[in-house]
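No lab work stands behind these numbers, since they all come straight from the coordinates. The structure presented is a predicted model; accordingly, all values stated were derived computationally and were not measured. So basically every Cβ, Gly included, is an ideal-geometry build from the backbone, and we count neighbours across all protein chains shown.
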Amino acid sequence: AVVSTQSTGNYDKSDITEIQKAYKAAVKQAPNNLQVTLTDLLEAKTKGRWWVVGAAWTGLEETRKVKQVEFDSKLLALAKKNHMNTEVRRNVFCVLMSSEDYEHCFEKMMKLNVKDKQEREIIYVTVLCALKCKTFNPYYTNVIKKFCEHSKSYQITMQFSIWDRLKDLKSLNATKTRNFILLLSSLIKSKTVSISVLKIVNFADIGAEDIDFFKDLFRKILNVSEVVITEIFGRLQPLPLDNLKNGIKVFLKHFLKPELSAEEKKNLKIALKCF
């Protein structure tokens with residue numbers, strides 16, 4: 001018998017509609033497809049097939065292992081001398097000390113498998129090393145910049161690190177104070193950190209012991225091109241930080257301006273126009 005391909009019309013279109021609705025709902029509620037990679041397929045014989053229910057798999061145990069890193073005994077002794085009293089801090093310190101440059105350091109840090117809250121230790125140790133140098137070393141600044149560019153979480157950690165020190169400037173000795181000024185001014189000039197980080201400072205009631213710190217800081221921040229000055233201070237314009245804006249203007253005019261050269265005053269004028 002020959003079966004006709006023409007529709008007989010003996011069906012209810014509403015049934016088709018209901019089936020289509022049910023299908024769409026099922027697809028929408030279905031879990032995401034399993035992300036089986038080529039590597040998973042190639043290593044199936046040795047690691048197992050994790051995508052098969054009930055199948056054995058050894059991959060989970062491997063991901064839980066933290067990579068063991070070996071360092072020179074002299075480096076470890078130096079880490080101990082600098083009070084790197086946890087494994088994470090020791091590893092971060094040793095990577096900092098043994099890297100060829102900041103990019104090499106970043107690559108090595110990424111291989112430490114530092115996760116979640118432990119990532120903060122990278123910023124903590126790097127800042128500590130930067131402030132303790134007898135001579136300021138831009139290497140540490142570049143390491144911090146690299147991590148801040150990599151993830152916003154590092155930017156936030158760096159912000160809190162800056163605030164901790166701004167709140168207690170008197171605890172810094174002369175070397176740490178000089179290095180902190182150079183580090184902070186460099187981060188602000190490179191726009192790694194916004195000048196709004198100074199919002200915790202009450203410039204209207206600044207202590208006499210802190211005036212020199214901020215005079216040196218702003219003097220270094222202003223030592224850039226007109227374009228960069230506009231970019232740095234222009235970032236404050238749209239922000240609802242009137243106390244900070246007014247505080248900086250008063251400080252620059254009252255404390256810094258009288259000590260500036262004619263050329264430096266030109267840059268100051270550009271900065272003040274940004275508010």
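Structure above, values below:
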| item | result |
| --- | --- |
| Centre separation in Å (Cα based) which lies between the stretch 94-134 and the stretch 176-191 | 18 Å |
| Anisotropy class of the stretch 200-256 from Cα gyration tensor, a/c 1.5 cut | oblate |
| Selection of trypsin sites (Lys or Arg not before Pro), the stretch 142-201, meeting DSSP coil and at most 11 other Cβ within 10 Å | Lys167 |
| Gyration tensor verdict on the stretch 147-258 (Cα atoms; rounded if a/c is under 1.5, prolate if a/b is larger than b/c, oblate otherwise) | rounded |
| Cα-based Kirkwood hydrodynamic radius, the stretch 104-160, one decimal, Å | 11.6 Å |
